[in-house]
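First comes the structure, then the notes that go with it.
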Amino acid sequence: MRRRIDLAVTALALLAGCGPGSAAAAMRAVRALGPVHIDAHLDEPPWHSEPATHFAGALPVPGRPASQRTEFWLAYDDSHIYLAFRCHDTDADRIRGRATRRDGAFDDDWVAVFFGPGEMAAGTVELFVNPEGVQMDALHTGQGDDVSVDFEFTAAARRYDDGWIAELAVPFTSLVPGGDAAPSMRIIAVRQIGRSGEMVLCPPLDVSRQDWLTSGPLIRFEGIAGRRRLELLPAWTAAQRTGAAPQAARASLGCDFKCDLTRDLTLNVTWRPDFGQVEANAAQVEVNRRFPVNYPEKRPFFMEGRGIFRLAAEGHPVGEAFHSRTVQSPRWGALVTGNPSPRLSLAALFVSDEVGGLARWSPPDQAERCGAQIAVARGRLALGENRLVGAFASNLETGGAHNRAGGLDADLLLTPRCRLALHALVSHTRERKVPAGQGRAGLASAAAVTLRGRHHRLEVTYGCADPGFRLACGYVSQSDLRDLCVDYGATLHPPLRWLQRVTPRLVTWRSTTWAGEPTELGADIRLDLALAGGSHLQGTRTVARERFAGRWFRRAGWQIAAASRAVGGLDLACACSRAAAIYYDPRSPRQGMRREVSASIEISPVSALSCELKIQHERFRLPAARDDLYDVTLLRGCLECRPVRSVYVRAWGEWNSAARELVTDGLISLSTRWGAILHLGHGSLLRDTAGGRASEQALFVKVAYRVRI
C-alpha cells in the first residue's frame, strides 16, 4: 500500500486540471509572534487569520469542484514552518484513518504539503498526515516518488463532529540545510478523501504540465535566524540466538551523530549501527528469475539524503546508480549533504562494510567474506527551475580489487509539456589477482523523452550497457544490452456515475545485445478502469518473444487485477495471470506455462489496529506434463497496533513453500517526549530440512536516548 502515492502522482501526470486561480494570491505565510503548540486545536493567533479555501479537484476528474470544504493556514517563526488544515466532511463517520506505522496510511484520508524546490537544486518534499496523526513523507525528484525517505517534522490530528483537523510543524533544517536567512519555497496544499479517491489541490493547478509540482506560489520566509543543529543518539543493543545455530548473548554500543557543519552543509555519522528494529523484507518469489530481485531500503541511516543519489532516466538497465542494499553490514558510515549555493546540491557518502566485498561482482568460486570500503559522491546544479545537470562518482575497494564508476546526467524541462532526462556512466573493474593497471572498462547510458498533453502521455526511453559495465554500488538489471521502449497512455472521463476514469495504455519494447543481435520484442496492452468509490479494475494482454541461451521463446498471456476500498476500514485486492513463459535454465531452457494468483485483505476494525493478510502463488508447468516444474506459495500475515502515540507494536509471520520455512517477527517500540527510545524484538525461523526440522530464535533489546542541542 505504500506505493499508492506513486500511483496517484502517476495518474495526476496523465490528467489535466484547471489553471491557477485566485487562491495562489490568498495563500500567504503569517509570522508567528508566540509559541505554536502542535495539538490540532488551532487556538493560536496565526490560525485566526483568513485561510486559503480554493481547493479544486485533481483526481479522479481534474477541475471538478471539491466535494468537501477545506481550510488551510501557513505560518512560520525563526525555526519552523507551521501548517494547519480544517477538513470539513458532511459524512464524518466515513472518514478513513488508522493508527498504523509511519508511511502506512496512504490509502486513508490525509492532508499533505508539497514543498517545491524554489531556487534550490533539490526535489519536492512531500509531507502527509492522516486523521490519526500518522506521518508519511516522500521525495519527488522527477523520477517518481521515493517513500523510503524520512524527514523530520511533527504532526497532530484529531476528529470532531463535522470533520477533522491536522497541524504540522516542519523545521527549516529539514528543508534547507543549515537554515537560510530567507529561504523561498513553492508550496501546494493537498487533501485526499480515502473513501472516494478524491484528491484536491490548493491552488488549483494544471496537472498535465510537466512542472505542476513546482508551480505553486513562491513563498519567501524573511528574517529567519539560522540555527545550527546538533543531535546525538547513543544506543545500547543486546541480542541472543538459540536453536540450530546458537550464539552467546552479546551486547554492543553504537551511536548516531548529526550536526550542521556550516549554514549549508550537514554531517550525519553512524558508528556500529544496529538495525534490529527495522522490519524484515517481505519475501519475493525468487525461483526462475532471469534478473536479480531488488529489495527496498529500510535502514534509517541510508534513507537520509537518499533522493540526491538518484540519476535522471534511471530504470533499465541502470535501476539505481547507488543501491544502498549492497552495503550489508556497515562498521561505520558518514554522509555529508548540503547546498553550498542556492543552485548547487552536494552529497558524499563513506561506508566501511564488514562483508560483501568481491561477492558483488566476482564469479561464485572467487567470492569470499571480506570487507569493503565504499565512497559515493554526487553533485547537482540547477540551471533554472526544472533544469538540472549533475555528476556522479562511486568507488568500492575490497581485497585488492576495485570497481569505480562515474558519469553525468541531466533532467531538463524543454517546454511545459516536454521533459528530457539522460545519463551516461563509465566504469572500470579490476578483480582480485589481476595486475595493477589492468581491468575491464564499461559504458552505460540512458535517455527518456516525455510528452504530456491534457489527456495523453507519451514516453520514449532508450538504455544501453556494454558487456564490460559493472556497478558494484548500484543495481544493474542487465549488461550487454540495448533497449528501446515506447509507452503511450490516454485518460478518458466518460459521463457515467459509476465509471470515473478510463486509462488505456500501450507499451512496446525491443531489446538487442550490444552488438545488435535481437534478444526480445514485445508489447503490452493495458486498460485501467477507475470506478466510483475508489475501486480499480485493470486488464493486461502481453505478446512477446525472448531469446535465451541461443533459442527463441514465446512470452504471451493475460493478467487481471482488481482493488477495492470497502466500507468499515476494509481493503481488498487480487490479481491473476496466465502466460507462456520460459524456464531460465542456461543448460536446458524450456517453454512452459506460468500461472500466478495473489490476493490481499487489510482491515482496521478500530483506528489503532490494522491487520493484513497476503498470499501469492506461482506455478510453472511444461507442455503435456502432469506435474509442475515448481510450485511456490508465499503467505504473510501482519498485525500493527498503536494504542497510544508513544507505543508501537508489530507482529508478522511468513511461510515460504519454496524454502520450506516459517519466519516470525515481533517488535514493541516505546518512545518518550524527553528522548528515550526502547525497542524489544523477538524473531524465529522454523525450517524443514533433509535431517528433520530445525529452528532458531533470537531476542533483541535496544535502548537509545536522543539528545538535541
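The values are calculated or read from the model by the stated rules, or taken from the named source; none is laboratory data. None of these values were measured; they are calculated from a predicted model. Here the Cβ positions follow ideal geometry from the backbone for every residue, glycine too, while neighbour counts run over all protein chains shown. The protein model used for the area step is the full one, side chains on, heavy atoms only, and it has no ligands, DNA or RNA in it. Shrake-Rupley method; radii C 1.70, N 1.55, O 1.52, S 1.80 Å.
Data table
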quantity	calculated
Identified option (computed semi-axes √(5λ) of the Cα gyration tensor in Å; candidates (i) 50, 30, 22; (ii) 38, 32, 29; (iii) 80, 31, 24)	(ii)
All aspartates and glutamates inside 15 Å of Lys433 as judged from Cα atoms, apart from same-chain residues fewer than 8 positions distant	Asp365, Glu368, Glu397
Under 26 Å from the Cα of Lys258 - lysines, other chains or at least 8 residues apart	Lys298, Lys702
Relative contact order for the chain, counting Cα pairs under 8 Å that sit 6 or more residues apart, in percent	10 percent
List His41, His323, His536, ordered by accessible area with a 1.4 Å probe, largest first	His41, His536, His323
Overall form of segment 493-636 per C-alpha gyration tensor (a/c, 1.5; a/b vs b/c)	oblate
Sulfur and carbon atoms: percent of accessible area, segment 439-506 [1.4 Å]	63 percent
Value in Å of the Kirkwood radius, where segment 385-425 supplies the Cα pairs that are averaged	12.1 Å
Cα-based reach from Lys614 at 13 Å (exclusive), listing aspartates and glutamates while leaving out same-chain residues under 8 positions away	Asp571, Glu602, Glu654
Ranked by how many other beta carbons lie within 10 Å on average, peptides 343-354, 620-631 from highest	343-354, 620-631
Å² per residue, accessible surface of segment 459-593 at 1.4 Å	48 Å²
Theoretical ellipticity at 222 nm over the chain - DSSP helices of four or more residues, -39500 (n - 2.57) apiece, nearest 500	-500 deg cm²/dmol
Total formal charge among the other residues, if their Cβ is under 10 angstrom from that of Leu232, Lys/Arg +1 and Asp/Glu -1	+1
Per residue convex hull volume, Cα atoms of segment 521-592, in Å³	83 Å³
Per residue value of the accessible surface for segment 200-348 (all protein chains in place, 1.4 Å probe), Å²	43 Å²
